[in-house]
Amino acid sequence: MRVLYGVQATGNGHISRARAMGKYLQQQGVQVDYLFSGRPADQLFDMEQFGRYQTRTGLSFVTEQGQVNYLKTALQSHPFQLWQDVRQLDCRRYDLVLTDFEPVTALAARRQQVRAVALGHQYAFLHQIPMTHDNWISRSVFRHYAPAEQQIGLHWHHFDQPILPPIVDLDAHTPSPEADLVLVYLPFEAPEQVLNWLRPLTGFRFRLYGPGLVKTELGHISTSPPCLADFKQDLHRCTFVLCNAGFELVSEALQLKKRILVKPLRRQMEQESNALALTQLALGSALPQLDSQQIGRWLHSDVLYQQVQYPNVAKRLASWIAQGADASSLDPKSWW
């Protein structure tokens with residue numbers, strides 16, 4: 001079986017899901033070609049697993065100071081290039097197109113009438129789940145941005161809807177957590193602002209990752225640019241995770257039973273809805289703004305969160321795909 005796997009590369013979470021899926025698809029003997037869009041190729045890192053992957057411009061959001069800038073997003077979009085990429089991509093030599101909210105592969109498959117399966121967190125928003133700031137624009141994006149004839153949503157809870165648990169990419173053997181270690185990943189915030197929040201909190205050690213940072217030690221704060229191996233190691237070793245309200249990192253932190261505080265990207269419906277769901281499920285905490293005092297209160301809090309244990313969704317999905325991806329054989333209720 002030959003699959004074209006399109007991955008939205010604007011966030012590392014989509015790529016992390018593709019890493020997990022790729023391992024098990026390979027075990028199943030599925031031949032996979034990868035296409036990534038939404039981020040310049042020179043900004044991708046630790047991509048050896050994906051072999052000779054393709055890249056396209058795609059579409060992405062422009063963020064500044066912790067919120068989406070819709071005007072710059074519109075001005076910097078490349079609709080003509082997107083249409084050219086869709087027209088030029090040949091999907092007909094594949095048995096299946098798998099898209100993780102990636103528009104080029106999804107639209108090309110539809111145009112060429114090649115069967116496509118969409119897999120990702122965004123497709124959960126096609127169902128009745130906790131949402132805030134929902135409007136016709138967000139509904140249109142989730143429905144039409146990267147469509148497919150079968151759309152499989154992922155979330156932290158089923159909410160009595162036909163959605164699956166998260167896909168997590170974690171190591172089998174994990175080190176014991178260190179009580180004072182905090183993993184910080186706030187790529188949509190200004191790095192100097194984040195450092196100002198963390199400097200007064202000398203009772204904890206912080207591992208701060210983000211674009212534009214360099215690897216250095218600043219007393220109780222260590223900084224690093226994005227790095228897969230070191231980041232995963234610190235995720236396993238930490239007790240606390242402070243991050244924006246993306247889906248994949250929070251999913252991995254939940255599986256590892258970390259204490260979580262999210263600061264959602266403002267004016268971004270998905271992240272604000274994720275923060276709402278996280279608090280409604282009592283899985284973690286969320287704040288619309290951060291400062292040293294609020295972070296300190298969270299670190300010293302004794303609030304008890306609910307804990308979860310998700311099945312190996314990537315392994316089961318890879319087996320389902322290898323067997324033909326029959327829609328009638330996928331029963332979401334049996335996955336929880």
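When R237, R199 are checked against the criterion of being open to solvent by 50 Å² or more (accessible area, probe 1.4 Å) and under 24 Å from H300 (Cα atoms), R199 stands alone in meeting it. Which residue, of W336, W298, is in contact (Cβ under 8 Å) with a residue 12 or more places away in the chain, closer than 24 Å to Q268 by Cβ and either of a type outside the set (G, A, S) or out of contact with any helix residue (DSSP H, G or I) (no Cβ under 8 Å at 6 or more places or on another chain) (or both)? None of the others qualify; the one that does is W298.
The residues listed here are Q323, Q293; of these, the one that is free of Cβ contacts under 8 Å to residues at least 12 places away in the same chain and farther than 30 Å from R199 by Cβ is Q323.
For residues that are hydrophobic (A, V, I, L, M, F, W, C) and open to solvent by 10 Å² or more (accessible area, probe 1.4 Å), scanning just region 255-274, find the one that is nearest to L164 (Cα to Cα). Restricting to residues being hydrophobic (A, V, I, L, M, F, W, C) and open to solvent by 10 Å² or more (accessible area, probe 1.4 Å), the top hit is L256.
The number of residues in region 66-106 being open to solvent by 80 Å² or more (accessible area, probe 1.4 Å), more than 30 Å from D291 (Cα to Cα), in a helix (DSSP H, G or I) and modelled with pLDDT under 70 comes to 1. The selection criterion, being within 25 Å of F206 (Cβ to Cβ), open to solvent by less than 30 Å² (accessible area, probe 1.4 Å) and not β-branched (V, I, T), does not hold for A229.
Among the conditions (1) surrounded by 14 or more Cβ atoms within 10 Å (Cβ to Cβ); (2) of a type outside the set (K, R); (3) at pLDDT 95 or above, the only one that D46 does not satisfy is (3). Among the listed residues A124, A109, A118, A146, which satisfies the condition of being among the small types (G, A, S), at pLDDT 95 or above, within 18 Å of A9 (Cα to Cα) and open to solvent by less than 10 Å² (accessible area, probe 1.4 Å)? Only one candidate qualifies: A118. Just the residues that are in contact (Cβ under 8 Å) with a residue 40 or more places away in the chain and not in a loop (DSSP other than H, G, I, E, B), please, taken from region 14-31. H14, S16, R17, A18, R19, A20, M21, K23, Y24, L25, Q27 - these are the residues of region 14-31 that are in contact (Cβ under 8 Å) with a residue 40 or more places away in the chain and not in a loop (DSSP other than H, G, I, E, B).
The values are calculated or read from the model by the stated rules, or taken from the named source; none is laboratory data. Please read these numbers as outputs of a predicted model, since none were measured by experiment. A quick note on method: Cβ atoms are made from the backbone with ideal geometry, for glycine too, and the neighbour counts reach across all protein chains shown. Side chains are part of the model used for accessible areas, which takes the heavy atoms of the whole protein and leaves out ligands, DNA and RNA. Shrake-Rupley method; radii C 1.70, N 1.55, O 1.52, S 1.80 Å.
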